[in-house]
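Reviewing the structure listed below.
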Amino acid sequence: MSAVAARGAPPALLEIDALSVAYDGMRALQDVSLRAEAGTIVALIGANGAGKTSLLRAISGLVRAQAGTIRFDGDDITRMPAHRIVKRGIAHVPEGRRVFASATVSDNLLLGAYVDRDSAHRTARLESAFAAFPILRERLEQRASTLSGGEQQMLAIARGTMSGPRLLMLDEPSLGIAPLLIPQIYACIRGIAAGGTTVLLVEQNVHAALGAADTAYVLQTGRVVLHGAARDLIGDPLVQEAFLGISAV
Amino acid sequence: MADAGVEALTTFEQLLAGGLLAGLVFALVAVGLTLVYGVMDVVNFAHGEFLMLAMYATLGLALVGIGPLVGLPLVAIALFLFGVVIYRVFIRRLLAGPPEATVFGTFGLLVLLQGLAQSLFTGDFQSVPHPPFQGTLRLGAVALSQATLVEGIGALVLTGALFAFVEYTETGRAMRAVAEDRVAATLMGIDVQRVNALAFGIGAACVGAAGALLMLSFPVFPTAGASFALTAFVVVALGGFGSIQGALVAALLVGMLEVLGGYYLAPELKMVPVYVAYLAIVLLRPQGLLGRR
Amino acid sequence: MHVRRLGALIVTALVAAAVSGPAATRAADAPEIVIGSVLPLTGALAQTGAGLRTAQQLAADLVNGHVSYPLPMVGKTGLPHLGHARIRLVFADSQGKPDQARAAAEQLITQEHAVALIGTYASSTTATASQVAERAGIPFLNPDSSAPGLTARGLKWFFRTTPHDGTFAENFYQFLGDLKKSKNIAVKRVAVVGEDGLFGTGAGDAEEAGAKKYGYDVATRVSYPATTTEVNAEVQRVKTSSPDVIFQASYVPDALLFMRGYKQQGVNVKAIFAQDAGFVDPNFLKAIGADAEGVFTREVFSMDIKYRNQAVPLIDQLFRQRSDGAKPLDGNTARDFMGVLVLADAIDRAGSTKPDAIRDALMKTNIPGKLTLMPWSRIHFDATGQNDGGAGIIEQLQDGKYETVWPFDVAVRPVVWPMPAWKH
Amino acid sequence: MRWHLLALGAIVVLGAAAAFGLRDAVTLDLFFTLLLYAVLGQSWNWISGYAGNISFGHAIFFGCGAYASALCVTHGLSPWLAIPAGALVAALLALVTGFPTLALRGHYFSIATIAVAALVDAFVRTQPWLGRANGFELPIQSGWAALQFPDKGPYVLLALALFAIVQLATIALERSRLGYYLRALRANHAAAASVGIDERRWKLIAFAWSATMAAAAGVLYAQYTLFVDPPSTIALAISIDIALIGVVGGIGTLWGPAAGALVYVVLAKGVALRIGGTGKGYDLVIYGAIICLIAAWKPHGIVGTVVDALRRRRGAADIPPGATGTA
Amino acid sequence: MNAATSSGTAALLEVRGLSKRFGSLRALDGVDLDVAEGSLTGLIGPNGAGKSTAFSCIAGADKPTAGSVRFRGREIAGLAYHRVAALGIGRTYQIVQTFADMTVLEAVTTAALLRHPHLRDAVAYAQDVLAFAGLADKRYRLGRALTIADKKRLEVARALATDPSLLLLDEVMAGLTPSECHDAVGLLRRIIARGITVLMVEHVMEVLMPIADHIVVIAAGKTIFTGAASEAVRDPRVIEAYLGSPLEHREIAEHKP
């Protein structure tokens, strides 16, 4: 049941081995191992405070690992400064979206492409972002603060794709979004993965997450308690308990 | 005696024009300060001393035959480098401490730079020899100093350039991102330390340009920056810390209030309307005229 | 002219040798007499203070030396009535702050056992330092502070050689009176302009009082913050009050702002009377050029005066040698130089280092104007301790140089009246 | 707490011994200045340290006391009257200016204090009854009734008494509702409100007391220096000196202001005395460099650093109350 | 329009039509809820539903854009934060808000000073509260040096020390291990036993099920359900809002770019 990275298996795009993280007097992650193969969608699920966000923050370099290693495309990025990790090809769409509220939609998107200034790349990525979220094209010159919550979420995801990452990490992309829009966002996430980008997804909406993901990891109080193919996990009572506590009813 | 009304009107026009130009000069000095604040939340209390160094640099160039306007880019570049170095070796450290560390750290810098100027350049008042634009421009009954006019135009160009830089360039965009959300900016691949250093350098370069222009009409001495800096702090706070447009609007307002207050109230009370306006405005809008939050 | 310059050079060389070399005639065991000097050696006035210190030290060295000048006590190898005791100046820093001046005075009296104090330039620091001397019963000689109130405090131990703002203001009105007599000029309205610190306020008050006394109208009184960066309102106020002359007390930056403002706004007056300070600063002249032509200033000293004392250029030479940046002797440094001589003279005449004796001697001081560097009739203290022989001079900027134009008997140039109109 | 009282007691005993035993005016002057600035720093510390509103206008309250003293003496009233009068005016000024401004946060408050101080300065400079730029010179008198002495001893005793009162008041503050509330407000004003703390009310109380202390120091200063004018009492430069003393020592700590005053007196006065006489500003260079170094390497100030070190040594674990400077 | 007021039931807190906008963002869009005296009411909803904003508006930390908040029949909407606290509403924060540089005892004492102005009394009361909350042995630790569970406990203790009649608890269980959760539930039961009315925001319904008398579910800024906990988990609106509807591949395919 424990998630041990399969030794001897071919190297995955992202390989995390025995990662431990602590901050603010709190042990956030303990001995976490995880693999994400190129082009797949990996879901991280678990209750609030289980350590999902901490894991993403550790990968993107926002918090320092106390022990363990994070390897991306074969290279050790455990102690790399956050801004250089982005250059390596990892984009992180953080919890709470954190769009640049007073900047325009267009500026937000261009900031997403900060590490890649090739204008042809930018144009192409802009086009695919608009294809995924047509509303953004209409809102291009509006300040991000004037967007609705759902639009801000779309902007955040689109911004994450603008650097052309090989790994896109999404922290609760369905948060605060009208249910009607969720399928649209997930369709887009699948589209991104289909384009060859690996997606690491933290999600509270278990059905949405497991429906979209290839593999999934269940976290509880900083540890991986379960992992496997997403399809297999959907019906697992442990998942319901770990995350919802509703199965008991 | 019917002329009395006409004369009063002329005086008013003259004061208005004078206030406007004075305001532009304040904007010239304030704009670099507000940029630095906006990006990294630091009020650089040594801002006036940066200005003073720029004025000395301009003087030095003038003494070897390079006039203030030609020297301006050189001074701006020199101040830029100075700003970057100061950020890298000093300000960065302050940012890691408690909020009051930046306050007294930059105060220490103020004292240090004044002392250095005193020991290097003596306390004498010094002006550039034969500065250009010493004439007067007349628009009807209104007479304006050419030098102040050039300074005012410089202020507009500088404010405009800075605004355009921050709004429309890649780096400016990165600065805005850092200003708004350091973490999110990092996630865009922006090196926050580098952007901070750059912003501090550009803030210093603005002061460099301001210093070069001010040498058209002011002498330099070790405490020359202080007179401008105090007004600049009020301008920046009034406009909203971090807002470039806010600084321009506030500077014009301060210039107007100072000149009109000085005339219609009393010259010794000329700063009274300025400070009262500051208090009134921040009490109604705690974030300043065009500040956010 | 040439002869005089040559003579000056020779004497200079001799004095330089005398001052720097060992004085053979000095009694080896002659006691030292300590005079405490409180000066602004750090802070905003530090540079002025450094010059004053140089001037005072020069005076002390000349008193202790053996080269003679037509100046009191100079060249007698110390104080003859005290066994050729040398005087030693001990300096203490006022930082230009009243509380620090007080502490400095106390230090000099209690630790250095100074027999008399001299200083302190800024009127506010002189006020506190002189109180310490008063309390301790030690004579205090003030050569350089201009607030009139200093000698109106009823102090027993306070003596001031320099004329004060009241005298300077009176000088301007006397000058106007003289002009009226000789040239039949008519001045009625005066504008009084000054920075809002002690300097500008003191000068302005005295000028306003003078206007009342001599029957002039005060067209406007403009008091502005010294650190201001623009004077639009101030200049308009002066302009709309349409004065005949302007009295002005400003430092360099504000003096420049005002002069440019007057020119731009076409404020045409018959004369601008400056309270020296910013208006006589070399940089002011350099920066403003021909536009300041015709400006008058009050002074206490000028190298261009028809001096009655041939020591003036020689002391100037010596001072230049010692001062930072070869600065010429000016009103401040000349007054402080003389201050030390006045004290030395009194101590010598007292023949004692007892404070009472020195005070009595000071009260009997009577040095003829010819034996000073100053354009004064004499140095003699009235009951308040104020030198009643002090007077200012009035200079006018002519051909880029301040030339003495009043009193007429020491003037080197005739008055140009009115000031030339602004050239555009 | 016991240690604080013992330390204070030791200082009072030593200071009193110095006041009675020493005749050396220079040393006594240094003591007096040190104590006076420690009082001013502590006064500033109440509002800017404990409550966290960094003020750059604190000198106006000092000025209230100094001017009250000058007015009393020049109008033939007892200078003792200036203590309550100056304190009252200062407290009122604090209430009137604090009511609108204390709600401002961060630099907006700091600039507001500069603005208020500039307005007070402009007011004084235009009022003939306040002596305008000329200020007041207090006539020389002697004796306890006149609060003036030919020797330094009594002044040092008075300053020592004031210092002791202010330190005791601060110890009491740290152990009072007000002190707890101020620290809570500084740490987190929203959380403080959630436990029912009325920010404006408590900060106004602190501001008024703070002003009162500064005014008392002002009276003592005026009676000591016998000269009161705007640059030496209410100017921005004085306010900045006071603030620097507060932060260099360590804000929000009981002994910080005293430590800051020590550094200030030793550096600003000592360095100036030793090497300032050239007019070349070396004293400023050294003083400025030291402030910079403290800001960069000891940003919590001297006492703040000691307190942090103590805490760290004890493993941030079971520190009984009163064992550290802030407890 | 306001049934609860006229009915005269013992509703300690009545919220009607509570709305809050931040710029163009509608955080709350008409929330209604009642909290009966002595009850434990759970406020649940998905992340971003507006639970914390509703708390802030009730506690006075935010001013609602519209709507009414009545506490003991008295309108308190828009009242200053500290006055609401003084009236007897205590709260905790979702993201722990410590008083930096204060020990546990000092922080709780600060709160106790509201009802016990003398420090000695406040400290004594704070000691009681800490013992009650199970923090007595950590009273000299700095707040920032506690574990997350103890920080949450400290927040509860701090709020309790103001002697509230209504306690608003914002996700006090989030991030706790099962055994810590167990302890926290124990504390909650003791709080209720003291007669303090509790309104608590939770994300995890499991916690609320056994202890809540009443559940209010909000989603997208609106109240969508009020009733017993056991009913809530069966309510289709709640399930959809809370769990999200299962994504059909068909749906995704429709939206495929």
Taking R0 as 56 Å, what FRET efficiency do you get between E:Arg189 and B:Gln245 from their Cβ-Cβ distance, rounded to the nearest 0.05?
0.45
What's the magnitude of the charge dipole for chain C around its Cα centre, counting Lys and Arg as +1 and Asp and Glu as -1 at the beta-carbon? Answer in Debye, nearest 20.
780
Among bridges DSSP assigns within the protein assembly as shown, what percent are antiparallel (round to 5)?
45
Label-to-label distance, nm, for residues given as B:Ala141 and B:Ala280 (7 Å Cα→Cβ offset)
2.7
Ellipticity estimate at 222 nm from DSSP helix runs (n ≥ 4, -39,500 (n - 2.57)) divided over the protein assembly as shown, nearest 500
-16500 deg cm²/dmol
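Roughly to the nearest percent, how much of the accessible area of region D:2-235 is carbon and sulfur, given a 1.4 Å probe? Write down the numbers at each step before the final one.
Working: 5540 of 7580 Å².
On region D:2-235, the fraction of accessible area on carbon and sulfur atoms equals 73 percent.
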Members of region B:88-103 that become less accessible by 30 Å² or more once partner protein chains are added (1.4 angstrom probe, chain alone as reference):
B:Phe90, B:Arg93, B:Pro98, B:Glu100, B:Val103
Most mobile listed residue (C:Asp144, C:Asp61, C:Asp217) in chain C, GNM with C-alpha springs under 10 Å:
C:Asp217
Accessible area buried, both sides summed, chains B and C with 1.4 Å probe, Å²
2700
With every protein chain in place, chain C: carbon and sulfur % of accessible area (1.4 Å)
54
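Charges only on Cβ, +1 for Lys and Arg, -1 for Asp and Glu: so what's the dipole of region D:2-235 about the Cα centre, in debye to the nearest 20? It would help to have the intermediate numbers written out before the result.
Working: 13 positive and 9 negative charges, 135 e Å.
Dipole size: approximately 660 debye.
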Students often forget the sequence filter, so: which lysines lie under 20 Å Cα-Cα from C:Lys183 once same-chain residues fewer than 8 apart are removed?
C:Lys270
Name the residue from E:Ile239, E:Gly73, E:Ala27 whose Cα lies farthest towards the positive end of the charge dipole of chain E, charges +1 on Cβ of Lys and Arg and -1 on Cβ of Asp and Glu.
E:Gly73
Can you list the residues of region B:22-36 that have at least 10 square angstrom less accessible area with all protein chains present than in their chain by itself, probe 1.4 Å?
B:Ala22, B:Phe26
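At a probe radius of 1.4 Å, figure out the B/D buried accessible area, summed over both chains, and give it in Å² to the nearest 100. Don't skip to the answer; put the middle values down first.
Details: alone 13820 and 15340 Å², together 25760 Å².
Buried: approximately 3400 Å² between D and B.
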For peptide C:35-46, the mean count of other chain Cβ atoms within 10 Å per residue Cβ is 5
Please name which of A:Leu170, C:Gly96, C:Phe140 has its Cα lying farthest along the dipole of the protein assembly as shown towards the positive end, using unit charges on Cβ (Lys, Arg +1; Asp, Glu -1) and the Cα centre as origin.
C:Phe140
Using a 1.4 Å probe on protein heavy atoms, which residues of region A:90-135 have at least 50 Å² less accessible area in the complex than alone?
A:Arg98, A:Phe100, A:Ser102, A:Asp107, A:Leu111, A:Tyr114
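Sort C:290-297, C:179-186, B:249-256 by packing, meaning the average of other beta carbons within 10 Å per residue, with the highest value first. Don't skip to the end; give the middle numbers.
Values: C:290-297: 20.5, C:179-186: 11.9, B:249-256: 25.1.
Taking the mean over residues of other Cβ atoms within 10 Å, the ranking is B:249-256, C:290-297, C:179-186.
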Region B:162-293 accessible area per residue, 1.4 Å probe, protein heavy atoms, integer Å², reads 28
Excluding ligands, DNA and RNA, what is the solvent-accessible area per residue of region D:2-235 at a probe of 1.4 Å, expressed in Å²?
32
Please list, or write none, the aspartates and glutamates whose alpha carbon is within less than 13 Å of the alpha carbon of C:Lys401, excluding same-chain residues fewer than 8 places away.
C:Asp281, C:Asp291, C:Glu293, C:Asp304
Size of electric dipole in chain E: Cβ of Lys, Arg +1 and of Asp, Glu -1, about Cα centre, debye, nearest 20:
640
Angle between the Cα long axis of helix C:165-183 and the longest principal axis of chain C, 0 to 90 degrees, nearest 10?
50
Would you work out the relative contact order for chain C, in percent, from Cα pairs under 8 angstrom that are 6 or more residues apart?
16
If the cut-off is a Cα-Cα distance under 21 Å, which lysines reach B:Lys270, setting aside same-chain residues fewer than 8 apart in sequence?
C:Lys239
Scalar couplings 3J(HN,Hα) for region B:189-203 by Karplus 6.51 cos²θ - 1.76 cosθ + 1.60 (θ = phi - 60°), nearest whole Hz, x for Gly and Pro, are x, 8, 7, 4, 4, 5, 5, 4, 4, 5, 5, 5, x, 5, x
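For the peptides B:261-269, C:242-250, what is the packing order when you average, over each peptide's residues, the other Cβ atoms within 10 Å and list the highest mean first?
Working: B:261-269: 21.7, C:242-250: 24.7.
Result, highest mean first: C:242-250, B:261-269.
Evaluate the relative contact order of region C:33-113 (contact order divided by residue number), counting alpha-carbon pairs under 8 angstrom at least 6 apart; express in whole percent.
Averaging sequence separation for qualifying contacts and normalising by length gives 39 percent for region C:33-113.
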With a 1.4 Å probe and all protein chains kept in place, how much accessible area does D:Ile140 have, in Å² rounded to the nearest 10?
60
Loss of accessible area when D meets C, both sides summed, Å² nearest 100, probe 1.4 Å
2700
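Where in chain A are the helices, taken as whole DSSP H runs, whose Cα atoms extend 15 angstrom or more along the long axis and whose Kyte-Doolittle mean reaches at least -0.5?
Numbers: long enough: A:119-132 (20 Å, -0.17); A:149-161 (18 Å, -0.24); A:182-194 (18 Å, 1.12).
Long hydrophobic helices here: A:119-132, A:149-161, A:182-194.
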Farthest positive-ward along region D:2-235 dipole, Cα basis, beta-carbon charges - from D:Thr33, D:Val89, D:Ala133:
D:Val89
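Suppose all protein chains stay in the model; what accessible area per residue would a 1.4 Å probe give for chain A, in Å²? Working shown, then result.
Working: 9110 Å² over 249 residues.
I get 37 Å² per residue for this part.
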Over chain B, with a Gaussian network built from C-alpha contacts below 10 Å, which listed residue (B:Met52, B:Met175, B:Met271) shows the highest mean-square fluctuation?
B:Met271
For region D:2-235, what is the relative contact order in percent, using Cα pairs closer than 8 Å and at least 6 residues apart in sequence?
41
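Among the listed pairs A:Lys52/E:Lys20; E:Lys63/E:Lys152; C:Lys97/C:Lys213, give every one whose C-alpha distance is greater than 28 Å. Could you put the intermediate results ahead of the total?
Values: A:Lys52/E:Lys20 30 Å; E:Lys63/E:Lys152 25 Å; C:Lys97/C:Lys213 34 Å.
Pairs exceeding the cut-off: A:Lys52/E:Lys20; C:Lys97/C:Lys213.
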Taking the Cβ of A:Pro165 as the centre, find all other residues whose Cβ is under 12 Å away and add up their charges (Lys, Arg: +1; Asp, Glu: -1).
+3
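The values are calculated or read from the model by the stated rules, or taken from the named source; none is laboratory data. The structure displayed is predicted, hence computed values, not measured ones. All Cβ positions, glycine included, derive from the backbone under ideal geometry; neighbour counts span all protein chains shown. Note: areas computed on protein heavy atoms with side chains; ligands, DNA, RNA excluded. Shrake-Rupley method; radii C 1.70, N 1.55, O 1.52, S 1.80 Å.
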